[in-house]
Amino acid sequence: MNILYLYPDLLNLHGDRGNILAFKRIGKMMNVKVNVDRVDCFKEKINFNKYDLIFISPGELVVIEEVLKYLKEQKKELLEYVESGKYLICIGTSAAIFADKIVKEDSYFEGLGIGNFDCFEKKKIFGDDLIFNYKKNKVVGSQIQMVDINLKGENYLGKLIYGYGNDGNFEGVKYKNLIITNGLGPVFVKNPWLVEDIIKDVLKDKKLNYKKINYRLEKKSQKEIIQFNLMK
Amino acid sequence: MKTLELLLGKFIILMCKLVDKNKGTNLAGKIMLKLDKNLIKKFKNIDYEKVIVVTGTNGKSTTVNLLNHIFSCGGKKVVSNLEGANLITGIATILLKESPLNFDFKDTYFIFEIDERTLKNFLKNIPAKNLVITNIQKDQVCRNGDPDYIYKIIESVIQKDMTLYLNNHDPRSKILEEKAKNVIYYGVGKNKYSYNKLDEIPVTMPCPKCHSKIEFDYYNVANIGSFKCSNCGYKSEDKVKYIIKDIDYKNNCFNILDEKIVMPYVTNFMLYNYAACYAVSREFKIPKISESFSSFKNVKGRMETLNYNDKEIKYIRIKQENPETLQSALDLVSNDKTEKIVILGLCLLKDFKPYYSNTFYSYDCDFSKLIKSNVKKYICFSNVVSYDTANRLIYENVDRKKIIIINNDNVEEIMSKIDQTKCKNIYLITWIKTYDEITKYLERMN
């Protein structure tokens with residue numbers, strides 16, 4: 001499985017490199033070789049055809065504005081990548097990359113416009129845990145909310161059980177396999193069964209042979225965090 | 001200011017000290033500022049050229065305490081907030097406490113630690129002409145979000161006529177050089193503990209000028225080191241006047257400018273603070289600097305050694321949500337190659353409500369050197385987040401059998417696990433509250 005880690009040095013706020021480590025670790029347990037490439041430099045052209053999954057960590061809005069200048073040059077290929085159903089996972093503030101519009105206090109700028117939502121910069125930063133339902137899973141993480149996501153349709157990722165999510169109602173954005181979440185943790189370290197599901201989906205045409213994975217530690221962690229937050 | 005106001009302020013401070021000598025660093029200022037919001041401006045003869053403000057993410061308290069010590073030993077009258085009350089109410093309290101009855105602060109130096117978010121308010125009241133910035137790093141993300149947020153706050157208060165003391169090796173704060181006419185750089189040279197990142201998927205940071213990748217020739221401390229932008233040419237200065245060199249860790253000494261300094265604590269994360277203090281002291285022509293360094297006693301609760309039965313517990317403080325202090329702790333422990341037990345308590349975040357379970361900052365840290373440094377056992381403790389802490393180690397391929405998990409903050413249980421181990425060399429990495437509880441527990445036991 002081939003993963004592209006996009007601008008890991010530039011978009012790097014909350015330890016989200018751990019998500020890539022999760023894909024490598026769970027992949028190894030599934031006897032799947034996970035190759036990770038990085039694009040570090042703005043001027044480097046991205047070869048979208050090569051990858052099964054693209055990962056983007058959260059970054060500062062001022063850096064995201066710069067990132068967009070270069071990604072817009074490859075918008076057509078990026079859109080084709082998303083429309084083809086390939087995975088693109090984007091965490092936290094970097095949701096702004098895909099927004100139609102990102103509204104700041106005294107100005108706004110345009111995102112790539114994939115996913116049908118807007119982003120609004122918050123005046124006051126908000127941090128808390130985040131728990132939501134996604135498919136048949138409870139997903140547990142934290143969030144540092146600097147940017148609200150305002151969906152224009154019912155394209156949310158999951159329904160909130162605890163926390164703020166996008167704006168107090170729903171969490172994240174899903175369009176085909178473009179997955180945008182506010183969840184930190186790193187979210188795939190804390191919910192590694194999601195990694196297993198994604199790898200299985202990416203390699204659905206291949207026969208995977210591996211021992212059942214023991215998620216005892218992560219399940220215990222999840223139980224503690226859910227209990228702690230529901231008692232607040 | 002009326003004498004009555006001053007006496008009332010001093011009375012409140014005295015009462016607070018009688019109730020609890022460790023408390024009351026803000027209360028008098030809080031009350032008196034409510035009665036008179038222009039209180040601070042009413043003190044007389046504060047020479048703004050003699051006001052030195054220290055701000056930044058890490059190292060403020062050590063820097064202020066050492067500067068206060070150097071200036072005092074050099075025969076200067078100094079007022080500082082040494083107990084770390086770095087909000088405007090704390091500053092008001094200390095001024096009330098130290099003010100003579102005629103409110104006249106003639107010939108006095110002021111060295112204050114100021115929280116970045118309080119800078120604007122402080123400088124409105126006391127427009128200091130000297131600003132020391134230790135570094136700008138990820139910290140208290142539930143309040144500050146990202147380093148750019150803090151950078152903007154500091155940038156907005158800098159005046160052209162200020163003298164800035166800037167860390168030559170911190171990309172995020174060195175960029176402030178563009179904002180003031182007079183800039184003095186300080187730094188630490190390459191040394192035996194300088195390193196490059198060895199972890200899987202290493203990451204650096206965006207350039208504050210052009211947002212391209214910053215590359216480091218080497219790090220001395222997490223995200224602090226000799227750097228250059230991969231694109232625009234922004235970089236550390238090649239030649240810096242105040243640079244610590246020839247560090248002798250065994251004999252606790254180093255050279256800076258034309259002096260040899262002997263210092264009770266020589267650890268990499270404190271060396272930048274020392275360089276800043278030396279730079280300020282030389283610029284202000286303070287005498288006897290090297291003697292002052294030798295006699296300095298650092299703020300308690302940063303690095304302490306506790307004796308417990310036949311064991312030695314070395315405590316290294318971390319700030320939660322701050323990967324740099326965690327990385328510094330890991331690096332310090334990994335320099336000890338003898339067999340050891342490492343106790344790691346990342347703990348729930350309880351500084352502000354809502355309390356939450358952030359341990360993700362640990363994934364910004366490189367654990368690889370620690371793992372290779374002869375750790376016999378790890379003990380991961382805390383309410384709620386002990387399993388996440390253990391998982392961080394698992395992600396570094398630590399054998400699960402080497403990890404003991406205590407799913408609470410119970411000090412007795414932690415000490416009981418220490419009792420069960422034969423190893424006498426113990427490192428404790430956690431926040432200050434747990435350290436305080438352990439010291440109280442040991443005092444009760446004794």
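For A:Asn19, are the conditions met, namely being more than 8 Å from chain B (Cβ to nearest Cβ) and surrounded by fewer than 23 Cβ atoms within 10 Å (Cβ to Cβ)? No, not satisfied. If you go through segment B:332-350, how many residues are in contact with an Asp or Glu (Cβ under 8 Å, 6 or more places away or on another chain) and either facing chain A (nearest Cβ under 10 Å) or on the phi > 0 side of the Ramachandran plot (or both)? Matching residues across segment B:332-350 total 2. In the set B:Val221, B:Val240, B:Val262, B:Val299, only one residue is surrounded by fewer than 17 Cβ atoms within 10 Å (Cβ to Cβ) and touching a residue at least 60 places away in the same chain (Cβ under 8 Å); that residue is B:Val299.
Residue check: is A:Asn137 at pLDDT below 95 and among the polar types (S, T, N, Q)? Yes, satisfied.
Take B:Lys190 and decide whether it is in a loop (DSSP other than H, G, I, E, B), without any contact (Cβ under 8 Å) to a residue 40 or more places away in the chain and within 27 Å of B:Lys245 (Cα to Cα). So B:Lys190 passes the test.
Restricting the search to segment A:191-221, which residues are touching a Gly at 6+ places or on another chain (Cβ under 8 Å) and either within 30 Å of B:Ser382 (Cβ to Cβ) or not aliphatic (A, V, I, L, M) (or both)? Steps first, answer last, please.
First pass over segment A:191-221, keeping only residues touching a Gly at 6+ places or on another chain (Cβ under 8 Å): A:191, A:195, A:199.
Of everything in segment A:191-221, those that are touching a Gly at 6+ places or on another chain (Cβ under 8 Å) and either within 30 Å of B:Ser382 (Cβ to Cβ) or not aliphatic (A, V, I, L, M) (or both) turn out to be A:Asn191, A:Val195.
Keeping to segment B:193-218, report how many residues are of a type in the set (Asp, Glu), assigned to a loop (DSSP other than H, G, I, E, B) and touching a residue at least 12 places away in the same chain (Cβ under 8 Å). Outline the logic, then answer.
Start the filter on segment B:193-218 by keeping residues that are of a type in the set (Asp, Glu), which leaves B:199-200, B:215, B:217.
Filter again for assigned to a loop (DSSP other than H, G, I, E, B), leaving B:199-200.
Right, trim to touching a residue at least 12 places away in the same chain (Cβ under 8 Å) and you get B:199.
Residues in segment B:193-218 being of a type in the set (Asp, Glu), assigned to a loop (DSSP other than H, G, I, E, B) and touching a residue at least 12 places away in the same chain (Cβ under 8 Å): 1 in total.
The single condition among (1) closer than 23 Å to B:Lys124 by Cβ; (2) without any contact (Cβ under 8 Å) to a residue 60 or more places away in the chain; (3) buried (at least 19 other Cβ atoms within 10 Å of the Cβ) that B:Leu96 does not meet is (2).
Inside segment B:309-359, can you point out the residues that are among the aromatic types (Phe, Trp, Tyr) and either crowded, with 21+ Cβ neighbours inside 10 Å or in a helix (DSSP H, G or I) (or both)? Don't jump to the end; show me each part of the working.
Within segment B:309-359, the subset among the aromatic types (Phe, Trp, Tyr) is B:315, B:352, B:355-356.
Once the filter is applied, which keeps residues that are among the aromatic types (Phe, Trp, Tyr) and either crowded, with 21+ Cβ neighbours inside 10 Å or in a helix (DSSP H, G or I) (or both), segment B:309-359 yields B:Tyr315, B:Tyr356.
Considered as a group, the residues in segment A:1-13 that are assigned to a loop (DSSP other than H, G, I, E, B) and more than 7 Å from chain B (Cβ to nearest Cβ) include one that is nearest to A:Val187 (Cα to Cα), and that residue is A:Leu11.
Among the helices (runs of 4 or more DSSP H) lying completely within segment B:41-142, list those that include at least 1 residues that are touching a Cys at 6+ places or on another chain (Cβ under 7 Å). Can you show your working first?
Numbers: elements: B:60-73, B:88-98, B:119-125.
Where helices (runs of 4 or more DSSP H) fall fully within segment B:41-142 and carry at least 1 residues being touching a Cys at 6+ places or on another chain (Cβ under 7 Å), they are B:60-73.
Of the strands (runs of 3 or more DSSP E) lying entirely inside segment A:136-232, those carrying at least 3 residues that are within 12 Å of another protein chain (Cβ to nearest Cβ) are A:137-151. Any chance segment A:14-26 includes a residue that's in a loop (DSSP other than H, G, I, E, B) and closer than 19 Å to A:Lys200 by Cα? Checking segment A:14-26: not a single residue is in a loop (DSSP other than H, G, I, E, B) and closer than 19 Å to A:Lys200 by Cα.
Pairs linking a residue in segment A:75-102 that is within 14 Å of chain B (Cβ to nearest Cβ) to a residue that is surrounded by 24 or more Cβ atoms within 10 Å (Cβ to Cβ) and of a type in the set (Asp, Glu), with Cβ atoms under 7 Å and 6 or more positions apart or on different chains, are A:Ile91/A:Asp16.
Only one of B:Asp366, B:Asp436 is within 14 Å of chain A (Cβ to nearest Cβ), of a type in the set (D, E, K, R) and either crowded, with 16+ Cβ neighbours inside 10 Å or not in a loop (DSSP other than H, G, I, E, B) (or both); which? Walk me through how you get there before you give the answer.
Details: B:Asp436 fails: within 14 Å of chain A (Cβ to nearest Cβ).
Residue meeting the stated conditions: B:Asp366.
The values are calculated or read from the model by the stated rules, or taken from the named source; none is laboratory data. None of these values were measured; they are calculated from a predicted model. Cβ sites come from the backbone with ideal geometry, for glycine too, and all protein chains shown count toward neighbours.
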